[in-house]
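The structure appears below as structure tokens.
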Amino acid sequence: MAATSGPRRQDGQRHGDGRDPAPTAPGAQEEVVGLCRDLLRIDTSNPGDGSGPGERAAAEHVMTLLHEVGLQPEYVEAFPRRGNVVVRVPGDPEQTRARGALLLHGHLDVVPARAADWSVDPFAGEELDGCLWGRGAVDMKDMDAMLLAVLRDLARSGTTPPRDLVFAFLADEEAGGVQGARWLVDHRPDLFEGVTEAVSEVGGFSVEIAGRRAYLLQTAEKGIAWLRLVAHGRAGHGSQVGTDNAVTRLCAAVARIGEHRWPLEITPTVRQFLTGVSEITGIAFDEDDPSALLAQLGTTARWVGATLQNTANPTVLDAGYKHNVIPGTAAALLDCRFLPGRQEELRATIAELAGERVDVEDVHVDEAVETEFAGALVDRMVAALQAEDPGAEVLPYCLSGGTDNKSFARLGIRGYGFAPLRLPAELDFSGMFHGIDERVPTDALRFGVRVLQRFVATC
């Protein structure tokens, strides 16, 4: 199906499949806040270096919740303490054969949090001012809780979904999924047999544009290139004249890369998004300078602005071991993100900017993904949102970061970001990802459950 530009509205022909939306289930709405609170209280910090508590405690908690309602999930721990939980809910066999199964996945790990920086204990799961506070409240134990609430309700009611549903609660996403989704894709693809589409985090949330509420449905993600620069020079005494200093060479390379101005490039997803914003605001879309449209997006402009170009940010420096010793090597880490189809362009530019006698090494590289804002699954996501928030716009967008959808793309699975939340306009939602005082409104959790129930009933 051809992609459609601009916002999507419900019109009876473009959305849904002719069936009435699913009724809400108060039980799921009532328990989602408690489910989220309990997950927030389990420290699953993932520093990315193999340390940390791991996800085992949270995964075992999920196993208990699923066993309570008669499900038989599989627990997979390929690495110590890195727990993954997967369960399949059989759907209509004919529809499953025709369209494949749907994967709904979330990760259980979170980035570390320094308690001294927060207004509350980041692992206490406190409820204040109508919000649940804690590390993972938006990334992504909120979605985990919504998925658990919907899944438990399906099991209690004995409802058969339209097609097979695979629910997965995963480890290690915050370090690229190497010990979670990526390992499962490479070693246990049987768990995802027949899956053709997937939904997960960082999409389906609301923003305010020119006084109107719109929901951003994620259809693309920039690729990840975590790189290491290693500069070489002559080791020696710190009192000598330095003519071949690895630290100097490294710093020059880091400065060139950090100050490089990447060209503006409008990908299909970003073009559709900006076209939609133009239609909502009446402001012309200038492809050479979309800043007037970005100005309408508030804090979300930071995320969208990062999808207009490749990026490369130096993040870590490592050189030397004593004040009076010139080291023979010096290293730096770069966090690079590339647009779909621009990986080689980014690597060539980094190598050129790094210069001679500076090696560029891969630490972790993952592909960019992009799919259409069109088709039956998109229609049903839009219909579910608009059934709970009539008249709202739904726009596709590209995520500047990454999700486990990258790993599942290796199995040919089309991934979307769809963790629906209706948010207050004043809440800096995007700023709380990996930030301090992370929190999610409890009303938004209940809204998300209602939307996901409608979606699952028609998916």
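Take the residues in region 1-53 that are among the basic types (Lys, Arg) and at pLDDT 95 or above; name whichever of them is surrounded by the fewest Cβ atoms within 10 Å (Cβ to Cβ). Give the steps one after another, and end with the answer.
From region 1-53, those among the basic types (Lys, Arg) are 8-9, 14, 19, 37, 41; that's our starting set.
Checking the rest, the ones that are also at pLDDT 95 or above come to 37, 41.
On the way: Arg37: 20, Arg41: 16.
Ranking the candidates gives Arg41 first.
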Are there any pairs with C-beta distances below 7 angstrom linking a residue in region 216-238 that is polar (S, T, N, Q) to a residue that is part of a strand (DSSP E or B), with the two at least 6 apart or on different chains, and if so which? Gln218/Tyr397; Gln218/Leu399; Gln218/Tyr416; Gln218/Gly417; Thr219/Glu370; Thr219/Pro396; Thr219/Tyr416
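Could we say that Ser239 is modelled with pLDDT under 95 and either over 30 Å from Val76 (Cβ atoms) or out of contact with any Phe, Trp or Tyr (no Cβ under 8 Å at 6 or more places or on another chain) (or both) here?
So Ser239 fits the description; yes.
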Hey, any hits in region 382-391 for a residue that's over 21 Å from Gly431 (Cα atoms), within 14 Å of the chain's Cα centre (by Cα) and not small (Gly, Ala, Ser)? no
Heads up, the helices (runs of 4 or more DSSP H) in region 192-300 (entirely inside) with at least 1 residues that are in contact with a Ser or Thr (Cβ under 6 Å, 6 or more places away or on another chain) and of a type in the set (Ser, Thr, Tyr) are 268-281
What are the residues in region 423-435 that are surrounded by fewer than 16 Cβ atoms within 10 Å (Cβ to Cβ) and either among the β-branched types (Val, Ile, Thr) or touching a Ser or Thr at 6+ places or on another chain (Cβ under 6 Å) (or both), if any? Asp428
Looking only at region 387-405, how many residues end up being surrounded by fewer than 23 Cβ atoms within 10 Å (Cβ to Cβ) and at pLDDT 95 or above? 4
With the requirement that a residue be touching a residue at least 40 places away in the same chain (Cβ under 8 Å) and crowded, with 19+ Cβ neighbours inside 10 Å, what does region 54-72 give you? Gly54, Glu55, Ala58, Ala59, Val62, Leu65, Leu66
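Residues checked against (1) within 22 Å of Ala425 (Cβ to Cβ); (2) in the same structural domain as Thr248 (by TED's automatic domain parsing):
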site: Ile283; (1), (2): yes, no
site: Asp288; (1), (2): no, no
site: Arg302; (1), (2): yes, no
site: Gly320; (1), (2): no, yes
Output the number of the condition that Pro420 fails; it satisfies all remaining conditions of (1) surrounded by fewer than 21 Cβ atoms within 10 Å (Cβ to Cβ); (2) of a type outside the set (D, E, K, R); (3) in the same structural domain as Val111 (by TED's automatic domain parsing). (1)
Kindly check whether there is at least one residue in region 255-278 that is in contact with a Lys or Arg (Cβ under 7 Å, 6 or more places away or on another chain) and β-branched (Val, Ile, Thr). no
One residue from Asp379, Asp366 being under 17 Å from Ala198 (Cβ atoms) and over 18 Å from the mean Cα position of the chain (by Cα): Asp379
Can Ala145 be described as part of a strand (DSSP E or B) and not β-branched (Val, Ile, Thr)? no
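List the strands (runs of 3 or more DSSP E) inside region 49-113, counting only whole elements, that have at least 1 residues being touching a Gly at 6+ places or on another chain (Cβ under 6 Å) and among the small types (Gly, Ala, Ser). Explain how you work it out, then say what you get.
Values: elements: 74-76, 84-89, 101-107.
Of the strands (runs of 3 or more DSSP E) lying wholly inside region 49-113, those with at least 1 residues that are touching a Gly at 6+ places or on another chain (Cβ under 6 Å) and among the small types (Gly, Ala, Ser) span 101-107.
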In region 148-186, residue surrounded by the most Cβ atoms within 10 Å (Cβ to Cβ) [restricted to those that are outside any helix (DSSP H, G or I) and aromatic (Phe, Trp, Tyr)]: Phe169
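The values are calculated or read from the model by the stated rules, or taken from the named source; none is laboratory data. None of these values were measured; they are calculated from a predicted model. Note that each Cβ is placed from the backbone with ideal geometry, even for glycine, and that neighbours are counted across all protein chains shown.
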